[in-house]
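Just so you know, all these numbers are worked out from the coordinates, no wet-lab data involved. As the structure is a prediction and not an experimental result, all values here were calculated from the model. Neighbour counts run over all protein chains shown; Cβ positions are idealised from the backbone, glycine included.
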Amino acid sequence: MSICLCGQPYILGELFENRSFHSSGLVARFLYNFPVSKVGNRKYDTMTVDKKITESYKTFVYSALNYKYNRQTNEEIFLHFTSEAKTEFERYYDTAIEPKLLIDFAECQDWGGKYHGLILRLCGLLHCIKSIQDNVPPESREVELLTLGQAIDIADYYKQQARYAYGIMGADSVTDNAEYILNKLKANGYEKVNKRELLRMCRKFGKAEQMSEPLRLLTDNGYIRQIKDNSGVVYEINPLSPSEKRSA
């Protein structure tokens, strides 16, 4: 099932505030998009879309629908990578997705857990589009490396949009922000850090003051402690979790 929602930012805020939606993984299944507003720069009399573009789009949509409904079987179709594309996707997953879940997806780890699936779905869509345009069945040829690269480029755009959605619109409680800071510290392997370095690392916060409550929570629970050195106030990171430290 595909859903397209166009709403004001407050609607998204209410979506993120619903803990059931978070727990069920619903918010992690959406692709988010925040286009730059053109308010203040719009023109009353604008050019219409080129007729060649609308006709080309209409032709493709009809071709895709005809292919779908003229198939003689409801048997599920499987698409396969070329050996080159399969090797590259495995390399990309092992180097650019899984190791980055605590860094690139610090704000949206549940969404990041589905990122590789997003790339595969985009790959399938692009492959089917190309095949229909060439008038050949999508399952008759393998998904090429170029198509994978194009899917990754598109997915990267949505990754940045998801980070914005989670960082600005959702997960804004003190506990969530504390977990966000802690994940950043763990992922970067810091032993101690000052506020300036911490603010540069945790880009969801616009001002250092916004980190005060999350840092206090981390301090109270033994994850970090505040010390002073020649550079001023510094936070020292506990190499063990509080429970591990007590048992040790």
Discussion item. Taking amide H atoms as placed 1.01 Å from N in the peptide plane, list the residues 5 or more away in sequence, or in a different chain, whose amide H sits under 5 Å from that of I224.
Written reply: T219, N238
Discussion item. Let me check against my output: what whole-number percent is the relative contact order of the chain, with C-alpha pairs under 8 Å and at least 6 apart?
Written reply: 20
Worksheet, complete the sentence: Taking the alpha-carbon centre of each part, the distance from the range 201-217 to the range 56-86 in Å is 48
Practice prompt. Express in nm, to one decimal, how much length is gained between L31 and D94 on full extension, taking 0.36 nm for each residue of separation and deducting their alpha carbon distance.
Written response: 20.4 nm
Worksheet entry | Förster radius 22 Å - calculated FRET efficiency between N194 and I103 (Cβ-Cβ, nearest 0.05) | 0.65
Worksheet item: For the pair I227 and S24, how long in nm is the line joining their label points, each one 7 Å along Cα→Cβ?
Response: 4.8
Item to complete: Once you have the Cα-Cα distance between K58 and V174, take 0.36 nm times their residue separation minus that, and quote the gain in nm to one decimal.
Response: 36.8 nm
Worksheet item: To the nearest 0.05, what FRET efficiency results for L79 and K38 with a Förster distance of 30 Å applied to their C-beta separation?
Response: 0.20
Worksheet item: What's the long-distance tail for the range 174-247, i.e. % of Cα pairs beyond 19 Å?
Response: 28
Worksheet item: Taking a temperature of 37 °C and a viscosity of 0.692 mPa s, what whole-number D in µm²/s does Stokes-Einstein yield for the chain with Rh from Kirkwood over alpha carbon pairs?
Response: 150
